[in-house]
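To keep things clear, I will list the structure first and then write my remarks on it.
The values are calculated or read from the model by the stated rules, or taken from the named source; none is laboratory data. Bear in mind the structure is a predicted one, so any value in this text is a computation, not a measurement. Glycine also receives a Cβ, built like all others from the backbone with ideal geometry; neighbour counts cover every protein chain displayed. Surface areas here come from the heavy atoms of the whole protein model, side chains and all, with no ligands, DNA or RNA. Shrake-Rupley method; radii C 1.70, N 1.55, O 1.52, S 1.80 Å.
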Amino acid sequence: MPLIELKNLNKTFKTKTSSVRALNDVSLSVEKGDIFGIIGLSGAGKSTLIRCINLLERPDSGGVIIDGEDIIKLGEKEIRQKRKNIGMIFQHFNLFNSRTIAQNIAYPLRYGGLTDEQIENRVKELLEIVGLESKENGYPSQLSGGQKQRVGIARALAANPQILLCDEATSALDPKTTQSILALLKELNKKLGLTIVIVTHEMSVIKAICNKAAIMENGEVIEQGAIFDIFSVPRRKATKDFIATTSNLHKVYDLLEEDSPALHLSKGETLAYFSYIGRAAVESLISTVSVMFDVRINIIFGDLDLIQGMPMGGLIVIIGGTDANKQKTIDYVGQKGVKVEVLKQYD
Amino acid sequence: MIDLFFNIFPNMAGKGEELLLCTGQTLLMMFISGIISFAIGIVLGITLIVTMKGGILENVVFWTILDKIVNFFRSVPFIIMIALLIPVTRAIVGTAIGTTGAIVPLVFGTAPFFTRQMQAALAEIEKGSIEAAQSMGTSPLGIIFRIYFKESVPQIIRGVTITFISLVGLTAMAGAIGGGGLGDFAIRYGYQRYQTDVTIITVIILVALVTVIQSMGDFIIKKLSH
């Protein structure tokens, strides 16, 4: 049974002059222990969607099933109780500026039947988890962005929730800090078995820590599934565009467009794009085919990456040789699971 | 030294005790009406904030009515308010004159201003803080006390400071209806008997009062801001 199941959610925002369909029949499911990414451009409806999970936003219709229970049907008071099981962090951290770091983290614990001593111990524990032991008596204004988000995470986790929602939680941070926050989230996912839902507009965030993702466009989920499947076989243009932002290889199309000297071919040469997933044997494959079929293979540039621990990469190569041998090369490489796209032939 | 004082302010001779009494009356009027107005202002201020469009207890009809009432009382000039309220004042405190009689119109004149000050103070709370509290399961009442009031203490103090300073002016005006206090003192001697030196002394005391209030406010805000 999925931990979070969103069923046919619809939401329209109306203003005096227009109405915007923020969610259009959106369904998705998140299993316990997932780090689930929701990506889309601004206005795609992703923030509305994540806010439906704790009902900060009420959908016009549909079901929000958490741990088997449709929380839309609950009363206000019961919903508030459920929210204690769903932590949330925000783009602008939303810390309470008049409270110390420790008081911020203790916020969800107050009035919950705990003694002051229990709260103090729990706060210490949380400060340690997020690596801010020395800051407990400081105020949010004294912290850097990354530290503020760490406080946000500690506060969101104080009541021991099963789920953590991250609404553009790294969008206001520099790349290095983003990496450290993502590493922390991944660690929490592993250590505590925390289920995490992340909304972002950066594919690099999804690539770094998610095991599943949904791509949103104009209020609809246009693709969803395991990260590896999405990256290896993207079906929709929006998905391909997002994936392209995480690799250098899409630059080849720009270079072709501007007729770059780097891609000028001599007689008998062919420009091709090799892409492959799940295996790192391409380099040896290149030396193999050059011997087998008497072709010269010149690597112009390439990109290698790990997606969920699996290698994924692409190479832009110039193959030189007779037409027959080049065709044999392409066929052979294709049989070995490498996708080949011929970009340009000498003419 | 004392001789020098009476050389510059000849008409102050023999008025020392009365001046002290009048200063006391001004302070009394200020604090009683100030505290009552603060109570009304903070209740109405938070009510306007939570019931406005997009507020945590949105109720547009209620908000509109309350907003209009506050505006109505804000737009009546204080001196007219005093006259207008005479029957109400009699009904509430039994008399429409003297220091006691001045407190009712002072409350009516100050509470709407206080309400707007509190509303402005509370409006500075970022929507994100409210959302964070909601995401942690805080109830609307919890948000009012734990976020709106707790997080905007410096802004509330600033509003209190501004309102008390404007109250100094209003209490002086209440002197016109025999409310006593420094305004009454200045009108009786300075204005009606052309004893300008008495007026100057009154002004000096009022300026000192305003300065003390402002400095206290600034000091507290500085202590509480992070």
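Here are a few things to note about the model shown:
- Reducing the range A:154-172 and the range A:56-104 to their Cα centroids gives an inter-centroid distance of 10 Å.
- The range A:4-244: antiparallel DSSP beta bridges as a percent of all, rounded to 5: 50
- Between the range B:128-152 and the range A:304-343, the Cα center-to-center distance that results, in Å: 57
- The order of the peptides A:152-159, A:100-107 by mean Cβ neighbours within 10 Å, most packed first, is A:152-159, A:100-107.
- Extension gain for A:Ser61 to A:Ala226 (0.36 nm times residue separation, less C-alpha to C-alpha distance): 56.7 nm.
- Of all accessible heavy-atom area on the range A:251-345, the percent that carbon and sulfur account for (1.4 Å): 53
- Charge dipole (chain B, unit charges on Cβ, about Cα centre) - positive-most of B:Ile130, B:Met30, B:Phe5: B:Ile130
- Applying a DSSP loop filter and a limit of 13 other Cβ atoms within 10 Å to the trypsin sites (Lys or Arg not before Pro) in the range A:224-267 leaves A:Arg235, A:Arg236, A:Lys267.
- With DNA, RNA and ligands ignored, accessible area of B:Thr202 (1.4 Å probe; Å², nearest 10): 0
- Normalised per residue, the accessible area of the protein assembly as shown is 48 Å², obtained with a 1.4 Å probe and no contribution from ligands, DNA or RNA.
- Extension gain, A:Lys251-A:Leu192: 0.36 nm per intervening residue step, less the Cα-Cα distance, totals 17.2 nm.
- Applying a DSSP loop filter and a limit of 14 other Cβ atoms within 10 Å to the GluC sites (Glu not before Pro) in the range A:26-107 leaves A:Glu31.
- Around the amide H of B:Met52, modelled in the peptide plane, lie the amide H atoms of B:Asn59, all under 5 Å away and 5 or more residues distant in sequence or on another chain.
- If R0 is 56 Å, the Cβ-Cβ spacing of A:Asp331 and B:Asn59 corresponds to a FRET efficiency of close to 0.20.
- Alpha-carbon centroids, the range A:1-40 and the range A:119-148: separation in whole Å: 33
- Number of partner chain Cβ atoms within 10 Å, mean per residue of A:65-76: 0
- Within chain B, longest stretch free of exposed trypsin sites (Lys or Arg not before Pro) [DSSP loop, at most 13 other beta carbons within 10 Å]: B:54-192
- Taking Lys and Arg as +1 and Asp and Glu as -1, the other residues whose beta-carbon sits under 13 Å from that of A:Met88 total +1.
- Partners for B:Lys68 among lysines (Cα-Cα distance below 20 Å; same-chain residues under 8 apart left out): B:Lys53
- Pairs beyond 28 Å (Cα-Cα), from A:Lys46/B:Lys150; A:Lys237/A:Lys336; A:Lys14/A:Lys240; A:Lys191/A:Lys336; A:Lys240/A:Lys267: A:Lys46/B:Lys150; A:Lys14/A:Lys240; A:Lys191/A:Lys336; A:Lys240/A:Lys267
- Label positions at B:Leu4 and B:Val43, each projected 7 Å from the Cα along the C-beta direction, are separated by 5.3 nm.
- When A and B come together, around 1900 square angstrom of accessible surface is lost from both chains combined, probe 1.4 Å.
- Near B:Thr110: Cβ cut-off under 15 Å, other residues only, Lys/Arg at +1 and Asp/Glu at -1. The net charge is +2.
- Shielding by partners - mean other protein chain Cβ count within 10 Å, residues of A:107-113: 3
- Rolling a 1.4 Å probe across all protein chains gives A:Tyr332 an accessible area of roughly 50 Å².
- Here the label points at A:Asp303 and B:Val210, each 7 Å from Cα along the C-beta direction, are separated by 6.6 nm in the simple model.
- Global geometry of the protein assembly as shown, whether rounded, prolate or oblate, following the gyration tensor of its Cα atoms and the 1.5 cut on a/c: prolate
- Counting, for every residue in A:82-92, the Cβ atoms of other protein chains within 10 Å of its Cβ and taking the mean gives 3.
- Cross-link reach is defined here as a Cα-Cα straight distance under 20 Å, omitting same-chain residues fewer than 8 places apart; for A:Lys186 the lysines meeting it are A:Lys32, A:Lys148, A:Lys176, A:Lys207, A:Lys212.
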